[in-house]
Amino acid sequence: MHIKEFQNLMRQLYFERDNERGPKGTLDWLEDEFEELREALEEGDINAIKEEFADVLAWLASLANLLDLDLEKAAISKYPNKCPKCKKKPCECQF
Ligand SMILES: [Zn+2]
């Protein structure tokens, strides 16, 4: 499954509810899922970590749907098979 297909699945499953909630409320949910991911990482529970990764991606896709934004296109456009800053793969930026 590609990112675009996953985003479409989220649209089919949740768009109506997401649309009623709106972008701000959906971003609040996404932030909650990041917090749950943080907790799962701290607990080191790999099954919980996997679920929270899925939830973060799902809510990110929902937010993209509300903004009529193609998540896959945005990701590939910013990261065209190389680092957007140094243009290398792997990245050679100094941090
Ligand atoms: Zn770089």
### Query
Looking at the range 69-83, which of its residues are assigned to a loop (DSSP other than H, G, I, E, B), more than 16 Å from the ligand (Cβ to nearest atom) and hydrophobic (A, V, I, L, M, F, W, C)?
69
### Summary
Apart from one, (1) closer than 30 Å to residue 87 by Cβ; (2) surrounded by fewer than 16 Cβ atoms within 10 Å (Cβ to Cβ); (3) under 12 Å from the mean Cα position of the chain (by Cα) all hold for residue 3; the odd one out is (2)
### Message
Let me confirm something: among 21, 17, which residue is surrounded by 14 or more Cβ atoms within 10 Å (Cβ to Cβ) and of a type in the set (Lys, Arg)?
### Response
21
### Task
Could you give me the residue pairs with C-beta distances under 6 Å whose first residue belongs to the range 53-66 and is of a type in the set (D, E, K, R), whose second residue is surrounded by fewer than 21 Cβ atoms within 10 Å (Cβ to Cβ) wherever it lies, and which are 6+ apart or on separate chains?
55/33
## Note on the structure
Of the candidates 37, 67, the one satisfying the condition of being at pLDDT 95 or above and either under 13 Å from the mean Cα position of the chain (by Cα) or surrounded by 15 or more Cβ atoms within 10 Å (Cβ to Cβ) (or both) is 37
### Query
Within the set of pairs 6+ apart or on separate chains, which have a first residue in the range 17-41 that is under 11 Å from residue 59 (Cα atoms), a second that is modelled with pLDDT of 95 or more and of a type in the set (Lys, Arg), and C-beta atoms under 8 Å apart?
29/21
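The values are calculated or read from the model by the stated rules, or taken from the named source; none is laboratory data. Just so it is clear, the structure is predicted and the values come from calculations on it, not from any experiment. Quick reminder, even Gly has a Cβ in these numbers, built from the backbone with ideal geometry, and neighbours come from all protein chains shown.
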